[in-house]
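Inspection log for the structure reproduced underneath, given as structure tokens.
The values are calculated or read from the model by the stated rules, or taken from the named source; none is laboratory data. None of these values were measured; they are calculated from a predicted model. No Cβ is skipped: glycine too gets one built from the backbone with ideal geometry, and neighbour counts run over all protein chains shown.
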């Protein structure tokens with residue numbers, strides 16, 4: 001039974017930090033960034049103290065609990081800007097009214113196009129006429145073979161090419177055209193293919209090298225019904241996959257580019273999540289048909305809308321989290337700590353996910369970019385790292401030893417987008433390391449600098465708690481202003497300067513939740529706390545914010561400001577002057593933003609559970625609920641076999657799918673995540689988590705605004721590290 005309230009506890013005026021060295025101007029960071037003329041010093045692992053995560057709000061004792069023992073123990077449902085929790089409730093496509101004049105491929109069977117061919121003959125050569133005639137014959141015959149695109153003769157006359165494009169738009173609307181490079185620099189070729197918005201049986205599955213190394217255009221259907229919005233919005237449900245991986249797979253099946261999709265935020269990979277997605281000019285039926293082939297991914301709740309989703313267009317996320325293997329001094333310890341979290345919240349740190357999952361933290365790379373050390377930054381991204389898979393390690397070592405870009409690209413997995421983008425640029429512009437860095441997709445390359453801003457913010461937050469506690473505002477604090485009582489500074493977070501979602505790759509190194517900061521607070525104003533404010537009591541600790549460094553923010557008017565400047569100075573960085581003129585890699589060219597220091601979970605609920613088998617789910621996902629309603633009658637009619645007696649239908653189905661998940665898509669995603677080879681999904685169990693004993697679990701449910709980390713709430717509760725490495729040790 002959920003506990004939605006908290007019992008009355010005696011208030012305490014106490015703050016608690018881990019036993020790390022105290023801050024001073026000579027000791028502001030435990031592991032400073034080491035500058036080098038060649039590369040950065042490698043770190044084997046990154047710890048919370050390395051990135052400034054040092055303190056707790058509560059002095060209550062923690063207890064043992066395993067986070068994400070199963071990925072279904074971490075359920076994330078997006079919350080839209082209206083406060084609605086996003087759920088997958090239906091996999092069916094809505095019925096669509098087909099307007100008169102709308103073209104279907106089935107309508108082209110056995111139809112003659114003699115008149116259209118004669119019109120085309122007046123524009124094109126005999127060779128091109130023969131090509132088009134052969135393509136039309138293949139379509140009208142209903143051939144089951146792949147319908148390949150055709151490439152018309154080279155044409156250097158732009159006006160003639162325009163006339164050719166118009167011919168197809170006016171006469172053969174079920175075909176689409178685009179322009180590709182010709183055999184020489186002065187000519188172009190028109191490519192003609194079956195409209196991707198129609199029933200494209202072959203999905204144009206020819207190899208990329210056979211289509212001039214260019215992807216098909218992502219414009220969707222060129223003949224779109226006027227009564228439908230241009231964007232199809234749907235709910236994406238995924239298990240143990242990051243957002244880009246899931247959308248990349250769907251895009252591959254549809255024959256469209258990843259940039260055709262829009263979404264409000266990325267979700268944690270090791271989780272079960274549901275979020276909204278938009279795609280340009282695609283019919284719901286095409287996506288719904290993919291559900292039979294998709295494993296670990298489902299789409300549904302379709303509707304057509306006028307506008308696409310942009311990053312940051314959400315309130316936050318609703319979490320349902322299971323902590324397994326609970327061991328505590330007493331039930332009262334669990335109760336007191338859990339209710340304290342609901343009442344007082346947690347320090348709103350940027351979690352470890354913000355700083356990358358590899359042996360090179362992203363804020364280290366960010367520091368080299370801010371210093372203008374382009375070659376060092378490039379080498380750091382490309383050089384061998386500890387803990388990577390053999391195929392990646394060998395590719396990195398090969399490049400470092402030989403400098404052979406072509407050979408390295410053949411070895412380097414495609415999901416390493418930053419590395420591949422840089423190498424492809426260096427192949428064209430040898431030695432131009434700045435240009436190579438700028439070749440990395442914007443969302444990914446900006447992550448490095450944002451990570452360094454987060455590194456400074458975490459340390460400043462720890463200093464604020466360590467010196468002034470977590471109970472009261474103090475002189476010089478920054479708070480969000482009320483009415484006219486604020487500095488006349490409009491704050492637009494730097495992350496929102498470009499709302500494009502284009503090329504948001506490598507989500508494993510992006511934020512746990514949204515990849516964006518404070519969308520709901522980007523226009524709020526701040527003020528400095530004065531003695532008068534303290535005496536009137538107009539502001540509380542919940543109003544306190546700290547800045548993300550930038551050109552349009554102000555710093556606290558107390559010694560917390562020194563943390564920012566002194567730590568940056570130790571890393572050879574000025575927060576007020578730039579050593580180079582590359583704006584995107586300069587803090588002085590970024591706007592900056594503010595972030596709340598303390599965050600309370602919203603609609604907080606919790607309950608204690610008992611279990612005997614660690615491989616059985618303790619919470620229902622959206623897909624479980626759909627399967628349960630659709631399959632319950634079917635399971636009642638059939639007798640259970642193979643030892644499944646007594647299990648609920650959705651549990652049985654979940655176990656089957658969890659084992660089959662990675663096997664079924666190994667051909668598409670072998671390169672995406674190396675951990676899959678050594679980590680069977682859902683089977684991380686405590687050594688005694690079977691039928692031999694009863695174990696305790698804690699179920700939590702709460703909502704957090706975008707960019708807040710649920711792992712930081714769990715850290716406050718358990719008083720232990722949230723690192724993946726630590727929680728893996730609890731499973732051993």
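General remarks:
- Screening 379, 421 for residues that are part of a helix (DSSP H, G or I), assigned by TED's automatic domain parsing to the domain that holds residue 446 and under 22 Å from the mean Cα position of the chain (by Cα) leaves exactly one candidate, 421.
- Which numbered condition residue 436 misses (of (1) closer than 30 Å to residue 561 by Cα; (2) in contact with a helix residue (DSSP H, G or I) (Cβ under 9 Å, 6 or more places away or on another chain)): (1)
- For the stretch 459-473, a residue qualifies if it is surrounded by 19 or more Cβ atoms within 10 Å (Cβ to Cβ) and not in a helix (DSSP H, G or I), and the qualifying residues are 470, 473.
Per-residue answers, yes or no, for (1) modelled with pLDDT of 85 or more; (2) under 34 Å from the mean Cα position of the chain (by Cα); (3) exposed (fewer than 14 other Cβ atoms within 10 Å of the Cβ):
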| position | (1), (2), (3) |
| --- | --- |
| 147 | no, no, no |
| 167 | yes, no, no |
| 179 | yes, yes, no |
| 194 | no, yes, no |
| 209 | no, yes, yes |
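- Residue that is in a helix (DSSP H, G or I), over 24 Å from residue 367 (Cα atoms) and modelled with pLDDT of 90 or more, where the choices are 400, 394: 394
- Residue in the stretch 355-369 that is farther than 30 Å from residue 418 by Cβ and crowded, with 21+ Cβ neighbours inside 10 Å present: no
- Residue among 233, 259, 219 that is in contact with a strand residue (DSSP E or B) (Cβ under 8 Å, 6 or more places away or on another chain), at negative phi and at pLDDT 55 or above: 233
- Residue list for the stretch 292-313, filter: farther than 12 Å from residue 234 by Cα and either assigned to a strand (DSSP E or B) or modelled with pLDDT of 95 or more (or both): 297
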